[in-house]
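None of the figures in this text is laboratory data; all of them are computed from the coordinates on show. It should be emphasised that the depicted structure is a prediction, and the values quoted were computed from it without experimental measurement. Here the Cβ positions follow ideal geometry from the backbone for every residue, glycine too, while neighbour counts run over all protein chains shown.
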Amino acid sequence: MITEKHVLNNNVEIPSIGLGTWNLDNNIVVDAIRDAAGIGYRLFDTAESYGNEVGVGRGIKECGIPREDVFLTTKLSAEYKDYDTACKAIDNSLERLDEDYVDLMIIHSPEPWDDFRNEDHYFEGNVEAYNALEDAYHDGKIRSIGLSNFLSVDIQNIINNCSVIPQVNQILCHIGTPSLDLIDFCQERNITVEAYSPIAHGVILDNSDVGRIADKYNVSISALCVRYTMELGCIPLPKSSALEHMQDNIDVDFKISSEDMNYLKSLVINDYGDANDLHIYSSKNLTG
């Protein structure tokens, strides 16, 4: 089990691995958080758009872990691109979670989902939304603030026009995604990268090239995938409601050699099967 932590650029500590909760409804997610907390998870990631903030909040209260030992993340919906709407949404998330504060809140996407990765970067709207996060941060409602799915040009817009450097950028990152330049861009600016879908929505589990490397280390493919993102300096957020898979995803206390990392970096995996039509798995997201 991995117990070390990262330190964000505002000196807040964050666990080095977390549990994603996308697609886990309010009922399922309560048990998932209880189970995950029981085997060592302390970072839990949700979003308004997941529709499960109520369940996540309940799970955290019922998991038996003191609140100060839990790192709770939620996301400002991608559609909110003005200050007033974003301020209201922050308070609404806290109410659904039944929390006085969250440890991290991030803008879910630089573009609204129905206009994802098109020509308009929504620069002004993102600054307004981020200003709302900044004010909530200064008011103590949020311990850390950041971004999700932001490309380098979108991040630079925030840096140029806002006062708080983002603590986090959460991106699609797994073996086979061309995200290395974006990771470098963030890390050069002391922005921690979180890796969602480190197991590529499960499609990577059938990849023989990845399987061969996993066999070399006597680990599962999913464990190799999680460890790969950690070797990149990222915080992986594997999603599962099954205790067996949660355990497998956290048992990653091994190292991948430089040679094998270079090989894994060279692979290309961009077919997500039935999930190709989802925004986060769209070919539009496979950019730096």
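Which longest run of the chain has no exposed loop site in it, a site being GluC sites (Glu not before Pro) in a DSSP loop with at most 11 other beta carbons within 10 Å, and the site itself not part of the run? Walk me through the intermediate numbers first.
Numbers: sites that count: GLU4, GLU119.
It runs 120-288.
Please list the three semi-axes, largest first and in whole Å, of the ellipsoid equivalent to the range 5-280, using sqrt of 5 times the eigenvalues of its alpha carbon gyration tensor. Walk me through the numbers on the way to the answer.
Numbers: eigenvalues 160, 101, 57 Å².
Semi-axes, largest first: 28, 22, 17 Å.
Taking the DSSP beta bridges in the range 1-99 as the whole, what percent of them are antiparallel, to the nearest 5? Intermediate values should be presented prior to the final figure.
Working: 3 of 8 bridges.
Counting only bridges with both partners in the range 1-99, antiparallel ones make up about 40 percent.
For the range 46-119 and the range 222-238, what is the separation of their C-alpha centers, rounded to whole Å?
23
Quick one: putting +1 on the C-beta of Lys and Arg, -1 on the C-beta of Asp and Glu, what dipole do you get for the chain around its Cα centre, in Debye to the nearest 20? Mind dumping the intermediate values first?
On the way: 21 positive and 48 negative charges, 133 e Å.
It works out to roughly 640 debye.
Looking at the chain, send over the antiparallel percent of its DSSP beta bridges, to the nearest 5.
Values: 3 of 28 bridges.
Taking every DSSP beta bridge with both residues in the chain, the antiparallel ones total about 10 percent.
When the chain is treated as a GNM, springs tying every alpha-carbon pair under 10 Å, which of PRO110, PRO15, PRO198 comes out with the largest mean-square fluctuation?
Among PRO110, PRO15, PRO198, the largest mean-square fluctuation in the Gaussian network model of the chain belongs to PRO15.
Counting pairs of alpha carbon atoms under 8 Å apart in space and at least six apart in sequence, what relative contact order in percent does the chain give? Don't skip to the end; give the middle numbers.
Details: 551 pairs, mean separation 53.6, N = 288.
Averaging sequence separation for qualifying contacts and normalising by length gives 19 percent for the chain.
Starting from the amide H of LEU147, placed 1.01 Å from N in the peptide plane, find each other amide H under 5 Å away whose residue is 5 or more places distant or on another chain.
Amide H to amide H, under 5 Å and 5 or more residues apart or across chains, LEU147 pairs with ILE107, VAL168, ASN169, GLN170.
Of LYS5/LYS255; LYS75/LYS141; LYS81/LYS141; LYS75/LYS239; LYS216/LYS265; LYS75/LYS255, which sit over 23 Å apart, Cα to Cα? Each step should come with its number before you reach the end.
Details: LYS5/LYS255 17 Å; LYS75/LYS141 13 Å; LYS81/LYS141 20 Å; LYS75/LYS239 16 Å; LYS216/LYS265 17 Å; LYS75/LYS255 31 Å.
Beyond 23 Å between Cα atoms: LYS75/LYS255.
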